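Worksheet for the structure shown next.
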Amino acid sequence: MSGSHGHDAVVIGAGPNGLVAANHLADAGWSVLVLEAQDEVGGAVKSDRDVHPDFVHDTFSAFYPLAEASPTIRSFDLERHGLTWVHAPAVLGHPLRDGSWGMLHRDREVTAGLFDAAHAGDGEAWLDLCGQWDRIGDQMIKALLSPFPPVRNGIGALARLRSVGGLDFVKTMLTPATDVGLSRFGGVGPRLVIAGNAGHADIPLNAPGSGLMGILMSMLGQTVGFPVPEGGAGQLAHALRRRFESLGGEIRYAAEVVRVEVTDRRATAVLTRDGERFAAGRAVVADIVAPHLYGRLLAPEDLPARTRQAMRSFDLDPSTVKVDWAVDRPVPWASAPPHAPGTFHVADSVEQMTEAHGQVAARTVPAAPFMLAGQMTTSDPTRSPAGTESLWAYTHVPQHSVGDAGDGSVRGVWDRDDCERFADRMQARIEALAPGFGSTVVSRRVLGPRELEQRDANLIGGAINGGTSQLHQELIFRPVPGLGRSETPVRGLYLGSASAHPGGGVHGAPGMNAARAAIAHARVRRATGGLLR
């Protein structure tokens, strides 16, 4: 083993949460080292030219409303470090086979006008929902992104609750996404938008919690839009990197951590695969998915039996298949959208969307997958040559499949043949809405569960949210029943990944919560002369 190196804090992983934690610790004056297994920063926030040399594709995530709304990300002033946010003309479109579109425009008045034209009264109902969100939404976002329990922001939200209808508003937030639209709107457009946005998480659309997700994402679309970093998703990660390095922080690449060293029940160092040891004088922050932290990086004897037992029932979110296309002209929609959307959703109806989610929950490959998709050149013209489109779509599939709800051609083993056959199924969904789409494709890349995990070890089996977002594994139950905070059973070790509260999404909250906890505990140790270790 080579020599030991010492820092105040060692951050494992240079994904967005790791970089957020590193920045905040550096802001506090700590010496911070980030160790990253890959050859660049970003985790699941990266871009590349692998599909076609003239096209920039986002390898994983692409649109960042939560980053734009996050007090943490905003506080870093990343525009000073090279980040530029850009927007498509419209936030979201949902095309249907009858030629109609459910459309979320950045201007709520335009959105309301489109909804009202399809069904009288829906425009006013939409603006009423937006008005409620204006009064309470910022407090709700802050509460959701704060460590649990969110005392200050929770009180702030409660103080505004009466102004938005009191318990009726609470009931709306708890209503499943399939029913929220029915209870407030007469037309299909708002239902499609809310249910489709709920589909960004893995909560069943007919389960409590999905309505909150659908409204949250829809209202973010009306307040901050769905922005993208100019030049590619990776620019967000590199802005975080540049800020951290400007503070004197250090990042080492190709430095895979294989063990967190624990002495007297405190994390004291980390060991890398190549044998280097890096001492951590104050804290170790792990931007690592919980099964890897508790199952690989910590020795079993360093964990309480109750934690080892609880991790056996940790639920991953479903797997993912993502397809990227380089296309030589705009998507040939059978019926052009009223405004060009950055994102679009593919489902024949809310009911069919629910059916596809149900098939995944039943561990079968969906016959007609619900797809989330992005027109990146529409959003950011730098992504590909003029008149072309950098396009992607992804959908969820079971972690362990027992069958194919479709034609039986996909076995659920996700080898290259499975991935290509399923990508054909996905492409056919777009072709039905945009006849001739296949003839526009210059190049295609399919990233199945195996490929996603190879590119980012945190995406176990292609799970992109660090664990299910369903209620049984949120708040005080994330990642295991406890306090819903970043602290772990090992002193000085903090879980700063999407496996910690509040979960997935590029908002930096798990990393910030971990860094703040580390700083607070270090102050207590200093105040007590180290008696509280």
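Values computed for the structure shown
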| quantity | calculated |
| --- | --- |
| Point-charge dipole on Cβ atoms (K/R +1, D/E -1) for the chain, about Cα centre, debye to 20 | 1960 |
| FRET E, pair residue 86, residue 206, Förster distance 30 Å, beta-carbon r, rounded to 0.05 | 0.25 |
| Placed amide H near residue 282: partners under 5 Å, 5+ positions off or other chain | 9 |
| Cα-based shape type of the chain, given that a ≥ b ≥ c are square roots of the gyration tensor eigenvalues and the cut on a/c is 1.5 | prolate |
| Mean Cβ neighbour count within 10 Å, used as a protection proxy, ranking 486-499, 249-262, 220-233, 8-21 highest first | 8-21, 486-499, 220-233, 249-262 |
| Potential lengthening between residue 110 and residue 382 on full extension [0.36 nm per residue; Cα-Cα distance subtracted] | 95.3 nm |
| Solvent-accessible area per residue for the chain (1.4 angstrom probe, square angstrom) | 38 |
| Binned Cα-Cα distances of the stretch 223-379, short to long, each 5 Å bin given as a whole percent | 1, 6, 10, 11, 11, 12, 13, 12, 10, 7, 3, 2, 0, 0 |
| Estimated distance in nm for a label pair at residue 128 and residue 253, the labels positioned 7 Å out from Cα along Cα-to-Cβ | 5.5 |
| Length released on extending from residue 349 to residue 263, taking residue separation times 0.36 nm less the Cα-Cα span | 25.4 nm |
| Cα lying deepest toward the dipole's positive end in the chain, options 248, 59, 360, charges on Cβ | 248 |
| Beta bridge orientation in the chain: antiparallel %, DSSP, nearest 5 | 65 |
| Per-pair calculated FRET efficiency, R0 = 45 Å: residue 305 and residue 246 via Cβ, rounded to 0.05 | 0.50 |
| Percent accessible area from carbon and sulfur atoms, the stretch 32-155, protein chains only, probe 1.4 Å | 50 |
| Note, ³J(HN,Hα) from phi for the stretch 317-334, Karplus 6.51, -1.76, 1.60, rounded to Hz, x at Gly and Pro | 7, x, 6, 9, 10, 10, 10, 10, 10, 9, 10, 8, 7, x, 4, x, 4, 4 |
| With every protein chain in place, the stretch 425-533: carbon and sulfur % of accessible area (1.4 Å) | 58 |
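The values are calculated or read from the model by the stated rules, or taken from the named source; none is laboratory data. All values derive from a computational prediction rather than experimental measurement. Quick reminder, even Gly has a Cβ in these numbers, built from the backbone with ideal geometry, and neighbours come from all protein chains shown. The area values use the complete protein model at the heavy-atom level, side chains included, leaving out ligands, DNA and RNA. Shrake-Rupley method; radii C 1.70, N 1.55, O 1.52, S 1.80 Å.
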